[in-house]
There are 2 protein chains.
Amino acid sequence: MQAKLISLHAANSNAGIRNVDSNCNWASVRLPELMALLDTHPSEPVADTGVTFSVRRVKPGETLCRAGDAFEALYVVRSGFLKMVSLDPVGNEQVLSFPMRGDVIGLSSLEPGHYTADAIALDSCHVVVVPFDRIANLSRSVPGIERLLYTTFSRELARRQRVIRLLGMLSAEARVAAFLLDMSERFARLGCSRSSFVLRMTREEIGSYLGIKLETVSRTLSALASAGLIAVDRREVTLHDAPALRSILEQRTEPGWGRRQRQRRASTDRSASTAPVRPQAAAARIAA
Amino acid sequence: MQAKLISLHAANSNAGIRNVDSNCNWASVRLPELMALLDTHPSEPVADTGVTFSVRRVKPGETLCRAGDAFEALYVVRSGFLKMVSLDPVGNEQVLSFPMRGDVIGLSSLEPGHYTADAIALDSCHVVVVPFDRIANLSRSVPGIERLLYTTFSRELARRQRVIRLLGMLSAEARVAAFLLDMSERFARLGCSRSSFVLRMTREEIGSYLGIKLETVSRTLSALASAGLIAVDRREVTLHDAPALRSILEQRTEPGWGRRQRQRRASTDRSASTAPVRPQAAAARIAA
DNA sequence: CGTAACTTTGATAGCATTCAAAGAAGGTGG
DNA sequence: CCACCTTCTTTGAATGCTATCAAAGTTACG
C-alpha cells in the first residue's frame with residue numbers, strides 16, 4: 001500500500017532522480033545543461049555562452065508532436081516518460097520506443113521534413129525544445145556540439161539495431177526479458193533502482209513495442225513471476241534474478257544460425273524436462 | 001537459358017545501370033560524384049574542389065569490415081551488393097540490410113567507435129571510402145555537406161523504422177511481399193527494371209533479414225507464384241501484380257490496432273473461402 | 001561426374017494469437 | 001463515500017501460423 005503510493009508519487013514528480021541541477025529553471029535550460037543531458041559519457045564541459053533553450057511541458061496523454069507535423073525541432077526529454085507511436089497507412093499503430101530523460105525525439109524526422117510518429121506523454125513531462133537549425137548553427141561555433149550531434153544520431157541507430165534484433169531473433173519470452181532488462185538499465189542510469197521500478201505503460205503498449213499481443217505479455221510476466229525471476233504487482237516490477245533473465249536471451253536460436261554449435265538444445269531440453277507436457281507451460285520451461 | 005546467362009552477367013558486372021559517370025575512375029571519386037551518389041534528390045551541384053576519395057574493391061564473399069573493427073570510415077556503395085550481418089553474443093547471426101549503390105555503411109558505428117556488423121560482399125563491389133573526420137571537416141568549408149550528412153543519418157533511421165514495422169507488425173507472407181516491393185523500388189531507382197530482377201542473396205539470408213525461416217521464404221514465394229502475383233526462377237523474380245502485393249501489406253492487423261476498423265476480416269475471409277481447409281494453403285489464401 | 005550448397009516440398013509440432021470471460025483498478029458523479 | 005463505468009489485466013481453451021524435421025531435387029563447381 002505504502003510502497004504503491006511512493007511509487008506513484010515518484011512517477012509523477014520524478015522525485016529521487018539525481019543529476020537535477022540545482023540552478024535549473026523549468027522554463028529554459030542553458031547549453032551546458034542540455035549537453036550534459038545528451039552526453040551519457042560527459043567529456044569536457046562546455047562553456048556557458050548564455051544560449052538557452054525553452055522547455056515545453058506536456059501533460060499525461062497529451063501529444064508532443066504528431067506524425068506528419070512539420071519538423072521544427074528535436075525534443076530532448078528532461079523528465080517524464082513518453083511513447084512514440086507510428087500509425088501505418090492501414091491505421092494499425094505500433095509503439096516504437098519509450099523515451100525518457102536524456103532521450104532525443106525527432107532524429108528520424110529531419111530528412112522527410114516531418115515527424116514520423118506521434119510522441120505521447122505517459123506522464124507529466126518536461127522536454128527541451130531544440131530547433132535543429134539553431135543547434136546546427138551553434139555546432140559551428142561551439143566545439144563539441146557537432147560531434148555530439150553525430151554521436152546522438154549514431155546512438156539512436158544502434159538502439160534501433162537492438163530493437164531489430166529483438167523483433168527478428170527472440171521468442172516472446174526473451175523479448176519480455178530483454179524489455180525488463182532494458183528498463184532496468186535505463187532506470188539505473190537515471191539513478192533509480194535497478195531492481196525495482198514502475199512501468200508507465202500498459203501491457204498493450206509493451207506488446208506493441210515487442211511485436212507480441214498484450215495477452216502474451218501478461219502470460220509471460222506471470223510465468224517469469226511464478227518461476228521466481230521477477231515479482232509483478234500491477235505496473236510495479238521487481239527483478240529478483242537478472243542473470244537468469246539474461247540467460248533467457250541467450251537461449252533462442254530463432255531464424256538463421258551459422259553452421260556452428262551443434263548442441264541441439266531442443267532435444268536435450270525435452271529429455272531433461274521431467275514435467276509432463278501441458279499447454280501454456282511457460283513457467284515450467286523457465287524454471288527448468 | 002539465354003535469359004539466365006544475361007541475368008548472371010548483369011549480376012556480376014552491374015551492366016545496364018545508368019548514372020555511371022563517363023569520366024569516372026575506379027580508383028577514386030571526386031566530391032561531386034560522391035554527393036550525387038548520396039543524394040537521392042540532387043539539389044544544387046557542388047563545386048569540384050579537387051578532393052577525392054579512394055575506392056575499395058571487394059570480391060564476392062569477402063568482408064569489407066567486421067563487427068568490432070575500429071571505425072575508420074563510412075563506406076558508400078558505388079556498385080555491387082552486400083549484406084550486413086550482426087553476430088550476437090550467442091553466435092546467432094542476423095542479416096540487417098542489403099546495401100547497394102548509394103547506400104551508406106557504418107553510420108551506426110560512429111558512437112561505439114567500432115563497426116557493429118560485418119559487411120560481406122554478395123558480388124563484386126566498389127565502395128567509396130569516406131573517412132568520417134575528413135568528411136566532417138569538409139562539411140565546414142563546403143556548403144551542403146553538413147546537411148547531407150545529417151539527412152543521411154536521418155534517412156537510415158527512417159529505413160530502420162520501416163524494418164521495425166516489418167518485423168513487428170507483418171505476417172511472414174506480408175514480409176516477403178514487402179521485401180520484393182522494396183527490392184523492386186531500389187532497383188528502379190538504379191535505373192534497372194522495376195518488375196524483373198535477380199536477387200543476390202540466398203533464401204536463408206532473406207529469411208534472416210525478414211525474421212523468418214528459409215523454408216517459409218521458399219513456401220511464400222511459391223505461394224505468391226502459384227497465385228500469379230510473381231514468377232520465380234531460382235534467384236530471378238518477376239513481379240506480375242505489384243498492386244496485389246501491396247494489398248497484402250495492408251491486410252495484417254497483427255499486434256495492436258486502434259479502436260477503428262471493425263471489419264473483422266478474419267471471419268469474412270474464412271466464410272468467403274470456398275476451398276476446404278488444408279495445411280500450408282497459403283496459395284489458396286492469396287488467390288482468394 | 002561427384003560433391004557441396006541451395007532450394008523445394010511434405011508432415012508434424014509448438015508457440016503465439018484469437019476468442020472469451022472474469023477480476024481488479026481508477027475515475028466520475030450522485 | 002459509494003455505486004457505476006471504463007480501462008486494464010489475467011487466465012483459459014482452441015485455432016493457426018510458422019518452425020522443425022526430413023528428404024528429394026536442382027544448381028554450381030571442382
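What are the residues in the stretch A:162-171 that are surrounded by fewer than 20 Cβ atoms within 10 Å (Cβ to Cβ) and either part of a helix (DSSP H, G or I) or facing chain B (nearest Cβ under 7 Å) (or both), if any? It would help to see each step written out before you state the result.
Within the stretch A:162-171, the first condition is being surrounded by fewer than 20 Cβ atoms within 10 Å (Cβ to Cβ), and the residues that meet it are A:162, A:165, A:171.
Of everything in the stretch A:162-171, those that are surrounded by fewer than 20 Cβ atoms within 10 Å (Cβ to Cβ) and either part of a helix (DSSP H, G or I) or facing chain B (nearest Cβ under 7 Å) (or both) turn out to be A:Arg162, A:Arg165.
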Single residue of the stretch B:203-218 satisfying the filter (near DNA strand D (Cβ under 8 Å from one of its atoms) and of a type in the set (D, E, K, R)) that is surrounded by the fewest Cβ atoms within 10 Å (Cβ to Cβ): B:Glu215
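Please find, within the stretch B:74-92, the residue that is farthest from the chain's Cα centre (by Cα) out of those that are within 14 Å of chain A (Cβ to nearest Cβ) and buried (at least 19 other Cβ atoms within 10 Å of the Cβ).
Going residue by residue through the stretch B:74-92, those that are within 14 Å of chain A (Cβ to nearest Cβ) are B:74, B:83-92.
Now drop any that are not buried (at least 19 other Cβ atoms within 10 Å of the Cβ), which leaves B:74, B:83-86, B:92.
Working: B:Leu74: 18, B:Lys83: 9, B:Met84: 10, B:Val85: 13, B:Ser86: 15, B:Asn92: 21 Å.
Applying the filter and picking the extreme gives B:Asn92.
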Return a yes/no flag: does the stretch B:238-256 have any residue that is at pLDDT 95 or above, more than 27 Å from A:Leu170 (Cα to Cα) and touching a His at 6+ places or on another chain (Cβ under 9 Å). no
B:Leu96 fails exactly one of (1) touching a Phe, Trp or Tyr at 6+ places or on another chain (Cβ under 7 Å); (2) outside any loop (DSSP other than H, G, I, E, B); (3) within 14 Å of chain A (Cβ to nearest Cβ), namely (1)
Determine whether A:Val95 is on the phi < 0 side of the Ramachandran plot, in contact with a helix residue (DSSP H, G or I) (Cβ under 6 Å, 6 or more places away or on another chain), crowded, with 22+ Cβ neighbours inside 10 Å and not small (Gly, Ala, Ser). yes
Given the criteria under 25 Å from B:Ser108 (Cβ atoms), assigned to a loop (DSSP other than H, G, I, E, B) and either at pLDDT 95 or above or more than 10 Å from every other protein chain (Cβ to nearest Cβ) (or both), does A:Thr152 qualify? no
Output for Cβ contacts, cut-off 6 Å, separation at least six or different chains, first residue at the interface with chain A (Cβ under 9 Å from one of its Cβ atoms) and acidic (Asp, Glu) in the stretch B:203-217, second assigned to a helix (DSSP H, G or I) and within 11 Å of DNA strand C (Cβ to nearest atom), reads B:Glu204/B:Leu214
With the checklist (1) more than 8 Å from chain A (Cβ to nearest Cβ); (2) farther than 26 Å from B:Arg57 by Cβ; (3) not small (Gly, Ala, Ser) in hand, flag the one item B:Pro131 doesn't pass. (2)
Hey, does the stretch A:118-133 have a residue that's under 21 Å from B:Leu166 (Cα atoms), at pLDDT below 95 and not in a helix (DSSP H, G or I)? no
Taking the options B:Leu148, B:Leu96, B:Leu82, name whichever one is in contact (Cβ under 8 Å) with a residue 24 or more places away in the chain and closer than 25 Å to A:Ala178 by Cα. B:Leu96
Condition broken by A:Thr49, with the remaining ones in (1) farther than 30 Å from A:Glu204 by Cβ; (2) buried (at least 16 other Cβ atoms within 10 Å of the Cβ) satisfied: (2)
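Consider B:Ser109 carefully, then state whether it is over 18 Å from the mean Cα position of the chain (by Cα) and of a type in the set (Ser, Thr, Tyr).
Details: over 18 Å from the mean Cα position of the chain (by Cα): yes; of a type in the set (Ser, Thr, Tyr): yes.
Yes, satisfied.
The values are calculated or read from the model by the stated rules, or taken from the named source; none is laboratory data. Computed from a predicted structure; not experimentally measured. Positions of Cβ are generated from backbone atoms using ideal geometry, with glycine treated the same way; all protein chains shown enter the neighbour counts.
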